[in-house]
Amino acid sequence: MSRYWSSIVNKLTPYTPGEQPQIDNLIKLNTNENPYGPSPNVTAAIAQANSDSLRKYPDPNATVLKQAIANYYSHFGINEKNVFVGNSSDEVLGHAFRALLKQDKPLLFPDITYSFYPVYCDLFEIQYAQVPLRDDFSINIDDFSPENGGIIFANPNAPTGLALSLGEIRRLLDAHTDSVVVVDEAYIDFADGDISTAIELVNEYPNLLVTQTVSKSRNLAGLRVGLAVGNAELIDGLERIKNSFHPYALDSLALAGATAAFEDTDYFERCCQKVKQTRAHFTSELTKLGFTVLASSTNFVFAKHQSASAKVLFEGLRENKVIVRYFDKPRLNEYLRISIGTDQEMTQCTQVLATLLEAP
Ligand SMILES: *Cc1c(COP(=O)(O)O)cnc(C)c1O
């Protein structure tokens with residue numbers, strides 16, 4: 001508390017990011033970063049942008065990046081007018097909360113989901129109601145029945161890793177044609193089978209906004225670039241907020257790097273494939289050790305041991321230089337969220353867990 005602060009600052013409970021310890025030789029499996037570096041084309045593009053031209057402001061419309069994203073999704077009929085970009089998907093989400101989700105009726109989101117949503121509601125003074133997940137942590141579309149001024153959820157969800165199919169999302173959209181529905185797809189590129197991006201539905205549903213990030217599947221958490229795809233009317237709303245706040249949100253290096261990332265589809269697909277392969281192997285190792293692992297459509301697993309305390313395992317891993325995420329909250333406190341690293345990192349994580357579980 002401070003008498004110098006605006007009154008709202010006294011009331012805020014800021015988001016707590018997963019820690020970024022500055023310690024060598026850590027196995028860092030706590031913030032869902034990609035274990036592989038960016039494409040060489042990305043580092044080359046950033047090196048090229050690192051030049052005299054930094055004296056100039058970047059393109060405030062991010063035209064080239066929007067074109068690259070529209071091009072990547074052109075098979076869904078997406079063009080630049082459907083694309084918004086921002087300085088991280090957290091920022092893009094923030095603009096969506098202000099531009100689209102602040103309404104007279106409450107915003108709905110699951111009780112267990114990305115913990116930034118209630119933080120934005122408090123910051124922007126948006127009323128909200130949380131919809132409980134089922135006991136198995138799945139989202140029940142039918143529970144979003146209360147009158148609302150918008151709906152937001154992560155698909156795949158965090159920290160559970162579970163995902164809804166496009167059929168379910170379509171059913172939600174059909175039931176809420178008067179509200180904006182935001183689907184936060186930070187992890188969608190790691191999904192398999194019948195789980196895929198809702199960007200496919202953007203041209204059918206003018207109230208659908210899909211957000212994504214280059215932080216996870218495109219190996220660029222340090223670059224801070226996020227995006228949204230939706231009907232041009234929704235995108236215009238986001239642009240109005242952005243241009244009233246931070247017109248040059250993306251710097252020249254970020255624009256160059258993110259554009260190259262969207263253009264190098266080969267590298268992107270190979271990394272996603274590798275992460276999914278490692279996830280499958282790690283899941284089976286955890287199962288052998290007595291864990292129940294939720295079906296993951298992401299680059300992390302959410303796992304609970306049959307007898308050992310998650311908190312004790314979390315601390316034991318930490319003592320052995322393996323950092324994972326533990327949420328000391330009801331319903332989540334029996335689980336560990338473990339990001340998928342390299343095969344070698346996951347083998348080490350498995351070995352430490354095996355030792356901890358053997359200890360008397
Ligand atoms: C990581 C994450 C984000 C934020 O991504 P940034 O672009 O790095 O800000 C948003 N939503 C969910 C569900 C995430 O896990």
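The values are calculated or read from the model by the stated rules, or taken from the named source; none is laboratory data. In this text the structure is predicted, and so the values were computed from the model without any measurement. Cβ placement follows ideal geometry from the backbone for every residue including glycine, while neighbour counts extend to all protein chains displayed. For accessibility, only protein heavy atoms count, side chains too; no ligands or nucleic acids. Shrake-Rupley method; radii C 1.70, N 1.55, O 1.52, S 1.80 Å.
Annotations
- Set Val9, Val42: member being on the phi < 0 side of the Ramachandran plot and touching a Gly at 6+ places or on another chain (Cβ under 7 Å): Val42
- Filter result (of a type in the set (Val, Ile, Thr), touching a residue at least 24 places away in the same chain (Cβ under 8 Å) and away from the ligand (no atom under 16 Å from the Cβ)) within the range 83-135: Ile126
- Note on the range 10-45: residues that are open to solvent by 40 Å² or more (accessible area, probe 1.4 Å) and among the β-branched types (Val, Ile, Thr) amount to 4.
- Residues in the range 220-237 that are part of a loop (DSSP other than H, G, I, E, B) and open to solvent by less than 20 Å² (accessible area, probe 1.4 Å) were compared, and the one that is farthest from the ligand (Cβ to nearest atom) is Leu220.
- Residues that are in contact (Cβ under 8 Å) with a residue 12 or more places away in the chain and either within 12 Å of the ligand (Cβ to nearest atom) or among the acidic types (Asp, Glu) (or both), drawn from the range 16-29: Pro17, Gly18, Glu19
- Residue match in the range 314-328 (condition: hydroxyl-bearing (Ser, Thr, Tyr), more than 30 Å from Ala68 (Cα to Cα), in a helix (DSSP H, G or I) and open to solvent by 10 Å² or more (accessible area, probe 1.4 Å)): no
- Those residues of the range 246-255 which are closer than 19 Å to Arg98 by Cβ, in contact with an Asp or Glu (Cβ under 9 Å, 6 or more places away or on another chain) and not small (Gly, Ala, Ser), in sequence order: His246, Tyr248, Leu250
- Test: Asp194 is at pLDDT below 95, surrounded by fewer than 19 Cβ atoms within 10 Å (Cβ to Cβ) and either away from the ligand (no atom under 16 Å from the Cβ) or among the charged types (D, E, K, R) (or both): yes
- Residue in the range 272-286 that is under 21 Å from Pro38 (Cβ atoms) and without any contact (Cβ under 8 Å) to a residue 40 or more places away in the chain present: yes
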